[in-house]
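Novice: The structure's right below; bear with me while I get my questions together.
Just so you know, all these numbers are worked out from the coordinates, no wet-lab data involved. Being a predicted model, the structure only gives us computed values, none of them experimental. Here the Cβ positions follow ideal geometry from the backbone for every residue, glycine too, while neighbour counts run over all protein chains shown.
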Amino acid sequence: MTKALLEVFPNPHPKRDFVIEHIAEEFTSVCPKTGHPDFGRVVLRYVADKSCVELKSLKLYYQSFRNKGIFYEDVTNRLLEDLVAATKPRWMVLRTEWTGRGGIRSNIEASYERKKR
């Protein structure tokens, strides 16, 4: 699991705010407490500044978590931090939606907004 996998390309319309949404239906990691696999969906929404994330690299980055023991809250915030560092967006929201276990489903959302100068 490494943010070095993330690649970006120049935003083709940097003067306009437009929302980009990428949905990954098959995110997998491992519960660090039980060792059982966790399955979820990742919804990434952002307004790019100068760079957009390249999708193949995003897929490979997400797949790098497949065997990582990490709690929902940690993985959600780690994904956001790495994607903000790679793309430097105007704003970004990352939501993970986890399949149920023991009758409980979890959704975690973390957000970033660039501070105005």
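Novice: For LEU44, are the conditions met, namely being part of a strand (DSSP E or B), surrounded by 16 or more Cβ atoms within 10 Å (Cβ to Cβ), free of Cβ contacts under 8 Å to residues at least 60 places away in the same chain and touching a His at 6+ places or on another chain (Cβ under 8 Å)? So that I can check it myself, show each step before the final result.
Specialist: On the way: part of a strand (DSSP E or B): yes; surrounded by 16 or more Cβ atoms within 10 Å (Cβ to Cβ): yes; free of Cβ contacts under 8 Å to residues at least 60 places away in the same chain: yes; touching a His at 6+ places or on another chain (Cβ under 8 Å): yes.
Against the criterion (part of a strand (DSSP E or B), surrounded by 16 or more Cβ atoms within 10 Å (Cβ to Cβ), free of Cβ contacts under 8 Å to residues at least 60 places away in the same chain and touching a His at 6+ places or on another chain (Cβ under 8 Å)), LEU44 qualifies.
Novice: Which pairs do you get when a residue that is basic (Lys, Arg), found in region 47-65, comes within reach of a residue that is assigned to a loop (DSSP other than H, G, I, E, B), reach meaning Cβ atoms under 7 angstrom, with the pair 6+ apart or on two chains?
Specialist: Within 7 Å, the pairs are LYS50/ASN11; LYS50/PRO14; LYS50/LYS88.
Novice: Report yes if some residue within region 47-64 is part of a strand (DSSP E or B), among the small types (Gly, Ala, Ser) and under 30 Å from GLY102 (Cα atoms); otherwise report no.
Specialist: Of all residues in region 47-64, those part of a strand (DSSP E or B) come to 47, 51-53.
Checking the rest, the ones that are also among the small types (Gly, Ala, Ser) come to 51.
From what's left, under 30 Å from GLY102 (Cα atoms): none.
Checking region 47-64: not a single residue is part of a strand (DSSP E or B), among the small types (Gly, Ala, Ser) and under 30 Å from GLY102 (Cα atoms).
Novice: Could you tell me which of the residues PHE71, PHE39 is surrounded by fewer than 20 Cβ atoms within 10 Å (Cβ to Cβ), of a type in the set (Phe, Trp, Tyr) and either free of Cβ contacts under 8 Å to residues at least 12 places away in the same chain or out of contact with any Phe, Trp or Tyr (no Cβ under 9 Å at 6 or more places or on another chain) (or both)? Please lay out each step first, then the result.
Specialist: Working: PHE39 fails: either free of Cβ contacts under 8 Å to residues at least 12 places away in the same chain or out of contact with any Phe, Trp or Tyr (no Cβ under 9 Å at 6 or more places or on another chain) (or both).
PHE71 is the lone residue from the list that is surrounded by fewer than 20 Cβ atoms within 10 Å (Cβ to Cβ), of a type in the set (Phe, Trp, Tyr) and either free of Cβ contacts under 8 Å to residues at least 12 places away in the same chain or out of contact with any Phe, Trp or Tyr (no Cβ under 9 Å at 6 or more places or on another chain) (or both).
Novice: Of the residues VAL8, VAL19, which single one is exposed (fewer than 15 other Cβ atoms within 10 Å of the Cβ), in contact with a strand residue (DSSP E or B) (Cβ under 7 Å, 6 or more places away or on another chain), more than 21 Å from THR99 (Cα to Cα) and among the aliphatic types (A, V, I, L, M)?
Specialist: On the way: VAL8 fails: exposed (fewer than 15 other Cβ atoms within 10 Å of the Cβ).
From the options VAL8, VAL19, the qualifying one is VAL19.
Novice: Assess whether LEU80 counts as being aliphatic (A, V, I, L, M) and surrounded by fewer than 15 Cβ atoms within 10 Å (Cβ to Cβ).
Specialist: When the stated conditions are applied, LEU80 does not pass them.
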